[in-house]
Amino acid sequence: MSDTKPAIVNTQQEQFWNDVAGPLWVAAEDQTERQTAPFGEAALARAAPAPGEAVLDVGCGCGATTAALAVAAGVAGRVVGVDLSAPMLARAAQRVADQPGVAQVEFRRVDAQVADLGPDAFDLVFSRFGVMFFADPVAGFGNLRRALAPGGRLVFVCWQTPTANPWMAVVNRGAAEIYGLEAPPHDAPGPFSLADRSRLERILKAAGFVEVEVAPHELVLHLGAGQPVGDWVHERLMMGPARTMYLEESPDRQREVRDLLSVRVDPFRIDAADLTAGLELPAAAWIVEARAR
Ligand SMILES: C[S@@+](CC[C@H](N)C(=O)[O-])C[C@H]1O[C@@H](n2cnc3c(N)ncnc32)[C@H](O)[C@@H]1O
């Protein structure tokens, strides 16, 4: 029997982020940035990457934070972005090539739960919403801890519960009711797998981190401006768990579903008289910092 670790263990996530979500995220980059950038900026401020540091960006996706980390680390620093998704990494590489002042960046298509990333290779491990998808989170965070030099810091941002995130949950829950989808277990890999604060702290401690600090970061996202509410609902459906079922519907039924869900979004409209004024939707994340022993 071989004792070589498999290159990718999160194969369902690999399939999802390569074949389904990756191409959507690349195509809808402006939209996803509006949703995640305010949280990423807060996490970057907390991480305070310094010139000369070696930084790992986990689940770097289309590379927005990798580029920001590289600017901060400067020519004397080094940034590695890792992700499962080939289309998102291709976009990330293009972004870095197009952006002046970004040096010393490398992208690797690996599974961060098991990839050989170290040992002791980084001063900072950072992630914007890229660490909630490990099938074995203790193993995943343990692998990230081994990649850090002793005393190195882990800083990431992850979502709080669906209830605290109406910007995602209003459409997802409504669609789940329409299509009879059951909610996944709260600890299943996915956007909300680290929402339970005490579980999150337990995972990080079991993975060998110390000085674990979890701080709420809550704000109101202004989304969907300049488009009819139904179009915004459509975008959310395309990113959500009911995507396949919605896509299989006739155009008339799709319109009906969008209308049903638009009613749920009504309370969040900025201006009841103007369908394109946009929505104000609460969003809540945890900003997490910890140190490697
Ligand atoms: C919600 S997206 C966030 C992307 C990016 N950090 C951002 O904020 O735009 C999650 C990212 O994590 C990546 N990912 C999920 N599981 C992973 C794993 N085990 N190893 C590496 N990347 C992973 C996905 O491919 C995806 O790009």
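The table below lists the values:
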item: Tally, over segment 97-113, of residues that are away from the ligand (no atom under 13 Å from the Cβ) and modelled with pLDDT of 95 or more; result: 2
item: Qualifying residue in segment 119-129 (condition: in a loop (DSSP other than H, G, I, E, B), within 8 Å of the ligand (Cβ to nearest atom) and either modelled with pLDDT of 95 or more or of a type in the set (Phe, Trp, Tyr) (or both)); result: yes
item: Hits in segment 185-215 - residues which are within 16 Å of the ligand (Cβ to nearest atom) and in contact (Cβ under 8 Å) with a residue 24 or more places away in the chain; result: Pro189, Gly190, Pro191, Phe192, Ser193, Leu194, Ala195, Ile203, Ala207
item: Total residues in segment 27-69, condition within 11 Å of the ligand (Cβ to nearest atom) and in contact with a His (Cβ under 7 Å, 6 or more places away or on another chain); result: 1
item: Qualifying residue in segment 91-106 (condition: buried (at least 18 other Cβ atoms within 10 Å of the Cβ) and closer than 17 Å to Gln13 by Cα); result: no
item: Ala139 within 11 Å of the ligand (Cβ to nearest atom) and over 15 Å from Leu56 (Cβ atoms); result: yes
item: Unmet requirement for Ala72, which otherwise passes all of (1) modelled with pLDDT of 95 or more; (2) within 10 Å of the ligand (Cβ to nearest atom); result: (2)
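The values are calculated or read from the model by the stated rules, or taken from the named source; none is laboratory data. Since the structure is predicted, the reported quantities are computational estimates derived from the model, not experimental observations. Positions of Cβ are backbone-derived with ideal geometry, glycine not excepted, and every protein chain shown enters the neighbour counts.
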